[in-house]
Each structure stands twice: as structure tokens, then as C-alpha cells.
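Chemist: Sending over a structure as C-alpha cells; questions will come in a sec.
The values are calculated or read from the model by the stated rules, or taken from the named source; none is laboratory data. Source: prediction; values computed, not measured. Note that we place each Cβ from the backbone using ideal geometry, even for glycine, and neighbour counts take in every protein chain shown. Please note that ligands, DNA and RNA were not included when accessible areas were found on the heavy atoms of the full protein model with its side chains. Shrake-Rupley method; radii C 1.70, N 1.55, O 1.52, S 1.80 Å.
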Amino acid sequence: SRVADESVRRVVPLADGNTVAVLPSAGLFGANASGKTNLLRALNDLRTLVLQSFRLGSTASGVPRRPFLLEEGLKRAPSSFQVEMVLDGVRWLYGVEIDDECVLEEYATHYPKGRPAVVFDRRRDEVKYGAVLKRYQAAFGPLLRPNALLLSVAGAAAENPLSPLFEWFTRNLLLADTKTREARRSVTAHLLDEPEHRSRVLGLLKAADLGISGMERVTPDPEFVERLSRAVRVLSGSTDFDSEITESERVAVEDGLRMIHDGPEGPIAFDDDDESLGTRVWSGLIGPIIQVLDGGHVLLADELDASLHPYLVRSLIKLFQRPDTNPKGAQLIFNAHDVSVLGDSAPEQILGRDQIWFTEKEAGGATTLTPLTDFRVRKDEALERRYLQGRFGGVPVLSDAEFEAALEHRAVPS
């Protein structure tokens, strides 16, 4: 069973003299509603919990989470997360268990000399501080709430041994989905103003063969922002209509983008409403892709193939797969329905067997995540065709007869 080529793997040196090989991307494939999106959301939810549970929470706010909704017993069951990463040559392991009310468990372990050393180990309100964190106990203890992560508390404090771990979460596990598209397009717009990035933004735009020759940033109209901010003030119940809008009251409006098309009579700028959905989707990915590749971060892409041609999706994945375009070891975790990236022959297969995962919904509605390496797969296996035949699971069970029967009893016109 073929795994990713050695040239794809990034060998990361560790401070203890060992190395660890990491993969640049992983793809999730499965039927609709099989749990692909929820897996990415869970990773992003952990990031949000780390960044916000102390700063934005209160004693009575509980712990925001997404419980399993299809079974009452599991709905109340705790949610658990665990992430492993390498920071400055040191392997770290961080984990959390929460319910609706409080943090049940939280721990961080690092391996500075190849052996595990506890940084902290928390069971509800009881925290065991490791040697490296012992002197911060007096500072962190009074700030810790039952519904706030200790890592979130440490992130709001001055520089400390947990700062690199907190900073990792600020830059990683960023979710690219439909809800964040406009914010991501704003990132692309801001990069246009930076000379070192502008040519790369335009280069990725033109390389996508969208018939676009340029792009310009569109800043919000100040009068519109002022009117919108005053409307929000009124809706919030304020009777102070005439005073100047403060910075805290000013509504944040994302910068937009305008594409330049070459027409027979010269370049023409198109408004968003005149652009295809694929163009808007791609322009919302360019900025985050550049930032993630430059920083060696982890990007989560929901429905990577939505409104994008399969060739464009393949080219995007290759940016992460190739060491020359991904020298810092950025990682892409994506889900997709277009299985052409699996390929039916070796030249077409851009992902190794250990980079492919399948999601399948069990009878009770829970999701099972299975790697392709769990199956006996020949080296020359036609992965795309075998997947669509149901060889690896993760495909919907559909019946033409059921679709036809659903339309047999039609409403009779009055």
C-alpha cells in the first residue's frame, strides 16, 4: 500500500536529536451529511475555545460546544479534543475535555529531551503544575474559572512557558468555509496593498485562468459605515442620536474586491454581483493560502471543490504538496466531493494512501473516520473508480426507484 512520496513528507528535526516526518495535506471524502464538515468544525471550535474562553467568558456563561444531538445520552456526554504539534523543535501534546458547564480535564505535555514532561495536568479545578510552570501557579490560580481553559488564561498573561502553545492556536486551525468567505476576501484585499505580496496575489489570480487580468481593493464608503453604525446604535436601544459615533460603536465592514477584465475596448472593473461564484470563492482563498504557506500554518478548508474546477483544486493541493512552494511545512486539511483528486492511475494520484480518509455515518448517526491505509489496496489501484463503486465506503446509498416513487403522488391542479 503506497504512502506519500518521501519528497512530499517534511522531516522536522527535534531538539532531542530525533526527527518526525509530517504530511502536508489530508483529504476527507464521504457522502453528504457524513460528518466531514463537523470534523473540521471541531478543530476550529477547539481553537476558538483556547482563544476566547477566558477573555470573552464569565462565571455563568458555561462552555460553548457542539454536542451530539441525535441521542439524548450522548448529547450530555463530554466532548474531548487532542492536538499534537512541534514547536521550536519540541513535540507538544495538548488535550481538553469539556461539558456544557465546565472544563473537566485539560493537560499539556512536552518532550524537551525525548521523554514526556508534564507542563500541567488539570482535573476540574485541581491543577498540577509541572516544574516548568510551577512559578506561575500564583499568577494563574486566582484567574482560573471552571469554564475557562488554563491555556486561555495563560494566553492573556505576560510571556510564560505556555505562550508558544497559545500562539500556535492563534495562527492555526483556521476554518475556510462559506461563513468566513467575505472575511477571507478582505485578507486578500489587504495583501494587495503590500508590495511583497501584490504580485503573488495577482499571480495566483491569473494562474486560475478566470479571464481576469487584475484586482483592486474596495474600501467601505465612510458615509455608509456611519449610517450603519447609527442604525445599530438605535437598534440597541440608545436614545443618543446626534452625538459622534465612538470607535467601539463603529460597525466593522470588511474591505471588498473588484476584478479587472480585459474587454475589446480595454480593461473593465466588475462589481461582485457580476462575478461568478467560482471567482469569489477563489479570491477568498488566495489571501489565506499565501499567509498559511508563508507561516507554515494549518488551514482547514470545507468543501474545497465547491464552485472550483477540479484542475484548479488539484493545483491548489499541489501548492502544499511541493516543498518548493511549501518550504515551511504548512498543512491543508480539506474535505471534498470531487474524487478526481484520488486519480485512477499513478500520474493522476496527487495524494498518497496515508493522506486519504473516508467519513461514513453509522446507523445511530455518529461518524466513523477511516484512513485508506486500513484497506488492502494494490499499488496500481484505480482509487477514484473503486471509491465510487463503494469499495472504501463513504458513498451514499441511493435508489432511482425511491426517487421515482417520491414523485408518483403529485398535487392535482385546482
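Chemist: Could you go through region 22-44 and let me know if any residue there is without any contact (Cβ under 8 Å) to a residue 24 or more places away in the chain and of a type outside the set (Val, Ile, Thr). Give the derivation first.
Modeler: Of all residues in region 22-44, those without any contact (Cβ under 8 Å) to a residue 24 or more places away in the chain come to none.
Taking every residue of region 22-44 in turn, none turns out to be without any contact (Cβ under 8 Å) to a residue 24 or more places away in the chain and of a type outside the set (Val, Ile, Thr).
Chemist: Further question: Does Leu235 fit the bill of being open to solvent by 70 Å² or more (accessible area, probe 1.4 Å), among the aliphatic types (A, V, I, L, M) and either at pLDDT below 85 or in contact with a Pro (Cβ under 6 Å, 6 or more places away or on another chain) (or both)? Before you say what the answer is, go through the steps one by one.
Modeler: Details: open to solvent by 70 Å² or more (accessible area, probe 1.4 Å): yes; among the aliphatic types (A, V, I, L, M): yes; either at pLDDT below 85 or in contact with a Pro (Cβ under 6 Å, 6 or more places away or on another chain) (or both): yes.
In short, yes.
Chemist: Leu312 - would you say it is open to solvent by less than 60 Å² (accessible area, probe 1.4 Å), in a strand (DSSP E or B) and touching a residue at least 60 places away in the same chain (Cβ under 8 Å)? Working first, answer last.
Modeler: Numbers: open to solvent by less than 60 Å² (accessible area, probe 1.4 Å): yes; in a strand (DSSP E or B): no; touching a residue at least 60 places away in the same chain (Cβ under 8 Å): yes.
No: the conditions fail for Leu312.
Chemist: To continue, here is another question. Kindly indicate whether Asp380 is touching a residue at least 24 places away in the same chain (Cβ under 8 Å) and more than 27 Å from Thr279 (Cα to Cα).
Modeler: Criteria met by Asp380.
Chemist: Output the residues belonging to region 105-149 that are in a strand (DSSP E or B), open to solvent by less than 40 Å² (accessible area, probe 1.4 Å) and aliphatic (A, V, I, L, M).
Modeler: Answer for region 105-149, where residues must be in a strand (DSSP E or B), open to solvent by less than 40 Å² (accessible area, probe 1.4 Å) and aliphatic (A, V, I, L, M): Ala108, Ala117, Val119, Val127.
Chemist: If you don't mind, there's one more thing I want to ask. Exactly one of (1) closer than 17 Å to Glu348 by Cβ; (2) loosely packed, with under 10 Cβ neighbours inside 10 Å is unmet by Glu408. Its number?
Modeler: (1)
Chemist: Listed residues Ala301, Ala306; which is open to solvent by less than 20 Å² (accessible area, probe 1.4 Å), under 19 Å from the mean Cα position of the chain (by Cα) and under 23 Å from Leu43 (Cα atoms)?
Modeler: When all the criteria are applied, what remains is Ala301.
Chemist: Let me ask another. Could you check region 20-43 and list, in sequence order, the residues that are open to solvent by less than 10 Å² (accessible area, probe 1.4 Å), more than 10 Å from Ile333 (Cα to Cα) and assigned to a strand (DSSP E or B)?
Modeler: Passing the criteria: Phe29, Gly30.
Chemist: So, in region 355-374, exactly how many residues are buried (at least 16 other Cβ atoms within 10 Å of the Cβ) and either assigned to a loop (DSSP other than H, G, I, E, B) or of a type outside the set (Val, Ile, Thr) (or both)?
Modeler: So the count comes out to 6.
Chemist: May I pose another question? Can you pull out every residue in region 283-298 that is assigned to a helix (DSSP H, G or I) and open to solvent by 10 Å² or more (accessible area, probe 1.4 Å)?
Modeler: Passing the criteria: Leu285, Pro288, Gln291, Leu293, Asp294, Gly295.
Chemist: Further, regarding this structure: Please find, among Ser25, Ser79, the residue that is out of contact with any Phe, Trp or Tyr (no Cβ under 6 Å at 6 or more places or on another chain) and among the hydroxyl-bearing types (Ser, Thr, Tyr).
Modeler: The conditions single out Ser79.
Chemist: Can you tell me which residue in region 191-203 is nearest to Arg258 (Cα to Cα), limited to those that are surrounded by 15 or more Cβ atoms within 10 Å (Cβ to Cβ) and in contact with a Lys or Arg (Cβ under 8 Å, 6 or more places away or on another chain)? Step through it out loud before you land on a result.
Modeler: Of all residues in region 191-203, those surrounded by 15 or more Cβ atoms within 10 Å (Cβ to Cβ) come to 191-192, 197, 200-202.
So of that shortlist, the ones also in contact with a Lys or Arg (Cβ under 8 Å, 6 or more places away or on another chain) come out as 191-192.
Details: Leu191: 14, Leu192: 12 Å.
Per the stated criteria, the residue is Leu192.
Chemist: So for region 315-333 (the condition being part of a helix (DSSP H, G or I), open to solvent by 50 Å² or more (accessible area, probe 1.4 Å) and touching a residue at least 60 places away in the same chain (Cβ under 8 Å)), does at least one residue qualify?
Modeler: yes
Chemist: Please indicate, with yes or no, whether at least one residue in region 361-371 is within 18 Å of the chain's Cα centre (by Cα) and either under 30 Å from Pro67 (Cβ atoms) or among the charged types (D, E, K, R) (or both).
Modeler: yes
Chemist: Let me ask another. Checking Ser340 against (1) in contact (Cβ under 8 Å) with a residue 60 or more places away in the chain; (2) surrounded by fewer than 21 Cβ atoms within 10 Å (Cβ to Cβ); (3) among the hydroxyl-bearing types (Ser, Thr, Tyr): exactly one of these is not met. Which one?
Modeler: (1)
For every residue, the table says whether it meets (1) out of contact with any helix residue (DSSP H, G or I) (no Cβ under 6 Å at 6 or more places or on another chain); (2) modelled with pLDDT of 95 or more; (3) closer than 30 Å to Thr37 by Cβ; (4) hydrophobic (A, V, I, L, M, F, W, C).
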| site | (1), (2), (3), (4) |
| --- | --- |
| Gly130 | yes, yes, no, no |
| Gly141 | yes, no, no, no |
| Gly155 | no, yes, yes, no |
| Asn160 | no, yes, no, no |
| Glu167 | yes, yes, yes, no |
| Gly211 | yes, no, no, no |
| Val225 | yes, no, no, yes |
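Chemist: So, one more: Regarding Phe68, is this residue crowded, with 16+ Cβ neighbours inside 10 Å, part of a loop (DSSP other than H, G, I, E, B) and of a type outside the set (A, V, I, L, M)?
Modeler: Answer is yes for this residue.
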